[in-house]
1. Starting from the Kirkwood Rh over alpha-carbon pairs, what translational D in µm² s⁻¹ does segment 29-95 have by Stokes-Einstein at 20 °C and 1.002 mPa s?
2. In nanometres, what is the gap between the two model label sites at Ile39 and Ala70, each 7 Å from Cα along Cα-to-Cβ?
Amino acid sequence: MDAAFPRRRRRERRKGALRQESLERPSQNAPDTVTDARILETHAKTTGDLSSSWGRVSLTLTPKSGCAAATLEVRFTSLAVKRAGKWLYLVDHASMPAGPPSPPAR
């Protein structure tokens, strides 16, 4: 048996405990609060036991620091599969579209 194995397990348990603690007790530097969400565009396609969806949403975020709220557009993609009569997510992704291209260098 690897002599480092017990040490590694203790370290993994400690990391897990820290992760769980951070989920249970929000920090003072908590992220922005979503104060409004609107669906701008949505699409879906299901074939047999596979389903995909994609679209865009608008989110308004209000910083807990009291600064002005900001609205941003987010696009999403989801992929799900039906197994044993239940739909399970395989992929659930969200990202912000890239900004406008930079002007060409002179």
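1. 156
2. Once both label points are built, they end up 2.7 nm from each other.
Throughout, read-outs are computed from the coordinates displayed, never taken from laboratory work. Computed from a predicted structure; not experimentally measured. Every residue, glycine among them, receives a Cβ derived from its backbone with ideal geometry; neighbour counts consider all protein chains shown.
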